[in-house]
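Colleague: Got a structure here, written out as C-alpha cells. Questions coming.
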C-alpha cells in the first residue's frame, strides 16, 4: 500500500503529493520560523527519553529563531536543578552536537530529501538534525530510541503536521538503513566518502555521503569536519592539512569544565579529593593551577565553588589575565569585563589596597560581573561603556588596562559551537574597527609607563597582530613587549591571543 504524507523520487523524499508550484520570493524564508500549528500530542504524554529530546529541540529552535547562544539557554532552562543531572547531560550532548555538526548533518540529510534542508520548516530542520546526530555520532543510543524519541518530541513541539512527521520518519529510517556500522577502531582511509568521524570513532555508510576530495579539498574537509568553507580556506592557507584537521577535531570535541585554583582553599590534592567525593571526575589541566572537571553537574552546589577554592575559567583566559600582572595596590581598568572571570582574577591580584574599574557595554553582563566580584571584595566600580568606545571618558588614568575585545570567537568553537555559523568573512572589517577603537580608548586612559594587555579569543591575524601593528604604527610612544597565539590543538585549551603593550613615556 502506498504511504500517505510523502512521495519518493529517485531515492529521495519530498513532503506532500501536490505538484510543485512556483513560490513568491516572500515565501522562501517561511521555514525560518515555527508555524502556528498546535502540537499533535501534549508534553505531559512524553516519557523520559522523548521529553529530553523535546527540551533539546526547543532549545535548538529558540536559539536559531532568536539568535541566542545555546549555552545561555541551557543555563536558564535546564540547569539549576530543574532537570535531573543524567537528563541534563543528554540534552546538552544532543543540543551542542546538532549545532556543532550542523553542516555535516545537512549535507548527509540532503542525500535523502529532494529539497535542501534550508527550505524546510524550523522544527522539522532541527528535528531531523537532532535525530541524525544521534544516529551518526552517538554509539550508546539505540537507533529506535533516537528516531522514535525525536519524532515524539517533534509531535509535542508544535508547528508540524502529521505529514511532516511521516516525512521525517521516512527520511530517518532510510538514512539509518544505509548506516553499516559504528566503529571505535582506528581508520586508515581518511578520504573515504562513506566514513564520517563520529563522537567515538567512525560511522560507516554503505554509500558515499561526503563530497569528493578530488574536487575542492576545502569543501570536502569543511563538510567532513563541519566548519564553514571560508574558514577552512583561510586555515589551509596558514596551516598544513594535517594541522587543520587536528584543529577541526579539537573544535568538535566536548570541552570539559576548566577550573582555576584561587589559593583561598586547602592544598590542591585535598580539593581534588573533595571534588571526587562529590561525584566529579577530575583530570589535570594544562597548567599547574588548573583542573578539568567531567560531569560536575551544577557547579553552584559544589563546596569548592561555594567556598571560592576554584573559579571556572579556561587556562588560556587565565594566562591572559596573568600577562597583565598588576601588583598589589594597582589601579586597573578592565575595559570589556563581561562575564567577569578575568576581572575576578585581577581583583584577587591587586588586593584590598588596589582598585578595579570593570566596564562593559551590556548591563546584564555588568550584573554578572558584580555577582562574581562581590565574592572577592568591594574595591571595584562598574561602568557602562558607550556603544562608541571613543566616547568613553573616565577622567582618570590607570597603570594597567585589559582590553579583552569582542571578536569572531574562532578560538573557542568547542565551547561556542554556533559561533562558526554566525560569523562570516565580511564581519572582520566591522570587528577590527571596534577592536581598534577599544585599544585607542584604553591608550587614552593609560598612565605614563603603564601597561595594556590586548586580547581576543580569536586565532585570526586580522583581529590580533594586525590590530596591534596598526596601533603601534600610529602611536610611537608605545612598544610591544610580548605576544602569544594559543591554538586549541597545540595548547590543549581554548584558542586566543594576547599582546603586552607598554607606554614608554
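Just so you know, all these numbers are worked out from the coordinates, no wet-lab data involved. Only a predicted model underlies this, so the values are computations on that prediction, with no experimental measurement involved. Here Cβ is always computed from backbone atoms with ideal geometry, including for glycine, and neighbour counts include all displayed protein chains.
Colleague: Rank-order 386-395, 126-135, 222-231, 254-263 by packing density, defined as the average count of other C-beta atoms within 10 Å over each peptide's residues, highest first.
Modeller: Result, highest mean first: 126-135, 222-231, 254-263, 386-395.
Colleague: Measure nothing fancy, just the Cα-based angle from helix 229-238's long axis to the longest principal axis of the chain, in degrees from 0 to 90, nearest 10.
Modeller: Once rounded, one gets 50 degrees.
Colleague: Out of every Cα-Cα pair in the chain, what percent are more than 42 Å apart?
Modeller: For the chain, the fraction of Cα-Cα distances above 42 Å is 25 percent.
Colleague: Quick check: the distance between the Cα centres of the stretch 356-429 and the stretch 457-505, to the nearest angstrom?
Modeller: Result: 17 Å between the Cα centres.
Colleague: Once the convex hull of the C-alpha atoms of the stretch 257-312 is built, how many Å³ does it hold per residue, rounded to a whole number?
Modeller: For the stretch 257-312, the hull spanned by Cα atoms encloses 66 Å³ per residue.
Colleague: Angle between the Cα long axis of helix 315-324 and the longest principal axis of the chain, 0 to 90 degrees, nearest 10?
Modeller: Approximately 20 degrees, to the nearest 10.
Colleague: How big is the antiparallel share of DSSP beta bridges in the chain, given as a percent to the nearest 5?
Modeller: Just about 65 percent of them are antiparallel.
Colleague: Another one. What does the highest-first list of 307-316, 60-69 look like by mean Cβ count within 10 Å?
Modeller: Peptide ranking by packing, descending: 307-316, 60-69.
Colleague: Let me ask something else. Can you pull the Kirkwood radius for the stretch 315-503, inverse mean 1/r over Cα pairs, to one decimal in Å?
Modeller: 16.5
Colleague: Let me ask something else. To the nearest 10 degrees, how steeply does helix 268-277 sit against the main Cα axis of the chain, on a 0 to 90 scale?
Modeller: Approximately 30 degrees, to the nearest ten.
Colleague: Also, quick follow-up: To the nearest Å, what is the center-to-center distance of the stretch 165-219 and the stretch 276-341, using C-alpha atoms only?
Modeller: Using only Cα atoms to place each centre, the spacing works out to 39 Å.
Colleague: With each run of n ≥ 4 DSSP H residues scored as -39500 (n - 2.57), what mean residue ellipticity at 222 nm is computed for the chain after dividing by its residue count and rounding to the nearest 500 deg cm²/dmol?
Modeller: -12500 deg cm²/dmol
Colleague: Sequence gap at least 6, Cα distance under 8 Å: using those rules, report the relative contact order of the chain to the nearest whole percent.
Modeller: Relative contact order for the chain comes out at 11 percent.
Colleague: Once you order the gyration tensor axes a ≥ b ≥ c over the Cα atoms, which shape class does the stretch 152-288 get: rounded for a/c under 1.5, otherwise prolate or oblate by comparing a/b with b/c?
Modeller: oblate
Colleague: Report the full-extension gain for the segment residue 45 to residue 328: residue separation times 0.36 nm, less the Cα-Cα distance, to one decimal in nm.
Modeller: 95.9 nm
Colleague: Please state the relative contact order of the stretch 257-312 as a whole percent: Cα pairs under 8 Å, 6+ residues apart?
Modeller: 49
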